[in-house]
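Written out below as structure tokens is the structure these notes cover.
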Amino acid sequence: MPGSLKTDAIVLRSIRFGEGDRVLHLYTPQRGRVGAIAKGARKTRSRFGGRLEPFFHLRLVLHEGRGDLLTVTSAETVAPHARLRDDRAGLDTAARACDAVARLFEAGDPNPAVFHLLANELVLLDAEPARAGHANQLAFRAKLLVAAGLSPQLGACASCGEREHLVAFSGAAGGVVCSACEASAFPFGEDAHTFLVAALARPLAEAPDAEPRALRQAERAIGETLEHHAHVRLRPAVAA
């Protein structure tokens with residue numbers, strides 16, 4: 001039914017539309033991913049100013065009509081994250097975080113934990129751009145797995161339950177596997193295992209680091225889990 005919706009939102013993507021409008025891909029705590037149009041947003045005297053750009057955390061009033069797109073009627077800035085826009089690595093990491101959320105979570109599927117995780121990631125990158133990099137991106141993605149209900153099995157073999165000789169990872173099985181079950185898996189070292197366990201256990205602000213080889217294995221584990229169980233492929237994470 002048509003009406004107004006007041007919500008916080010993070011701009012995942014902002015697209016020029018027509019002569020002066022913008023179409024926004026937003027992530028909200030109440031509705032999940034939604035699309036909205038901001039009419040006249042690109043005009044010189046627009047009341048929206050420059051606040052409808054990616055990574056802005058906004059407080060919006062959206063009008064819900066009969067079409068697929070909501071209409072932005074009011075926008076207040078909660079956090080512009082201006083510092084990360086001046087840092088190439090921070091900007092890239094923020095873009096990949098927003099892209100991961102957009103690819104993994106369906107439109108109209110609310111998940112407040114995802115909203116708060118993304119908001120926290122942007123705050124961290126804005127406050128400390130040096131956090132940007134491969135380890136940060138993978139810690140964020142590992143937590144997205146949990147929010148999506150795809151937390152990998154790391155404490156025991158995902159195939160047989162064995163708790164020792166965990167030497168490989170199987171995306172199809174959904175976690176680490178032992179030497180007896182590794183036929184369809186890839187080698188997964190102790191350092192990669194330690195990194196993923198710590199990334200899931202610690203707050204994002206305390207995300208661990210690891211050697212490049214371990215991070216590559218962790219990224220493959222996350223990627224194969226998503227491909228097998230969510231049928232989603234993310235853009236590669238990039239080291240700063």
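The figures follow:
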item	result
Close pairs from the stretch 197-225: first of a type in the set (D, E, K, R), partner buried (at least 21 other Cβ atoms within 10 Å of the Cβ), Cβ under 6 Å, at least 6 apart	Asp209/Ala135; Glu219/Leu138; Glu219/Ala237; Glu224/Gly171
Pairs with Cβ under 6 Å, 6+ apart, first in the stretch 43-65 and over 30 Å from Thr93 (Cα atoms) and in the same structural domain as Phe17 (by TED's automatic domain parsing), second modelled with pLDDT of 90 or more and not hydroxyl-bearing (Ser, Thr, Tyr)	Glu64/Leu70
Gly189 buried (at least 17 other Cβ atoms within 10 Å of the Cβ), out of contact with any Gly (no Cβ under 9 Å at 6 or more places or on another chain) and on the phi > 0 side of the Ramachandran plot	no
Flag if Leu104 is under 20 Å from Arg235 (Cα atoms), surrounded by 17 or more Cβ atoms within 10 Å (Cβ to Cβ), without any contact (Cβ under 8 Å) to a residue 40 or more places away in the chain and under 14 Å from the mean Cα position of the chain (by Cα)	no
Matching residues in the stretch 143-183 - criterion: being in contact with a strand residue (DSSP E or B) (Cβ under 6 Å, 6 or more places away or on another chain), surrounded by fewer than 19 Cβ atoms within 10 Å (Cβ to Cβ) and hydroxyl-bearing (Ser, Thr, Tyr)	Ser179
Qualifying position, being of a type in the set (Lys, Arg) and either assigned by TED's automatic domain parsing to the domain that holds Ala100 or over 21 Å from the mean Cα position of the chain (by Cα) (or both), among Arg202, Arg213	Arg213
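The values are calculated or read from the model by the stated rules, or taken from the named source; none is laboratory data. Source: prediction; values computed, not measured. Neighbour counts run over all protein chains shown; Cβ positions are idealised from the backbone, glycine included.
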